[in-house]
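S.K.: Encoded as structure tokens, here's the structure I'll be asking about.
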Amino acid sequence: MKKRQHGLMYFVIIFFGLVAFSACIASEFKRSKAKDMKLDGMSCHLPISPAFVLGVFASTSLLSAQIIGNTLIFCSRGKKIIAWKQRIPFSLLILSWITFGCTIMLLAVATSMNQIQPYGKGWLDGECYVVKDGVYIGSAALTLANLLCILGSILACK
């Protein structure tokens, strides 16, 4: 019964990771572009983009995968993960948190730029900003790296 529960948890972690990956890829194609910007003298305006909702969805899915993965690691192994003999799982766990932090920062900044930027307000200092090409693709790659580190840490603990 316990193996079946772990198998279900692996599936849930992989599901949330792949959902986050897919949302990052979709955000790359749906993000605001420079041609969407409207200028009115010194003021600019960018409408809300579907990438905003997709970015929030990707962040939430990645957070869910990270929480479930860490819960599975610590509930099944407890304090043994920090033991000297468990260097590989512990290193993968630390690496998963580093990639998670970088991915969330990229997604948060890029997603907030895809929010509505009204005339005179903009994103920062009253200026409109557009997400550069490849930012969401980079977060998708980091999402996969995070997923592999979580799963590797879980599997290396056994």
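S.K.: Condition first: of a type in the set (Val, Ile, Thr) and either assigned to a loop (DSSP other than H, G, I, E, B) or at pLDDT below 85 (or both). Now tell me which residues in region 121-158 satisfy that.
M.R.: 130, 131, 154 - these are the residues of region 121-158 that are of a type in the set (Val, Ile, Thr) and either assigned to a loop (DSSP other than H, G, I, E, B) or at pLDDT below 85 (or both).
S.K.: What is the residue count in region 27-42 for residues that are under 14 Å from residue 129 (Cβ atoms), part of a helix (DSSP H, G or I) and at pLDDT 80 or above?
M.R.: Count: 0.
S.K.: Filtering region 81-115 down to residues that are at pLDDT 65 or above and assigned to a loop (DSSP other than H, G, I, E, B), which residue is surrounded by the fewest Cβ atoms within 10 Å (Cβ to Cβ)?
M.R.: My answer is 115.
S.K.: Check region 61-77 and report whether any residue there is crowded, with 18+ Cβ neighbours inside 10 Å, in contact with an Asp or Glu (Cβ under 9 Å, 6 or more places away or on another chain), of a type outside the set (Gly, Ala, Ser) and at pLDDT below 85.
M.R.: Within region 61-77, not a single residue is crowded, with 18+ Cβ neighbours inside 10 Å, in contact with an Asp or Glu (Cβ under 9 Å, 6 or more places away or on another chain), of a type outside the set (Gly, Ala, Ser) and at pLDDT below 85.
The values are calculated or read from the model by the stated rules, or taken from the named source; none is laboratory data. In this text, all values refer to a predicted model and were calculated from it rather than measured experimentally. Using ideal geometry, Cβ is built from the backbone for each residue, glycine included, and neighbour counts are taken over all protein chains shown.
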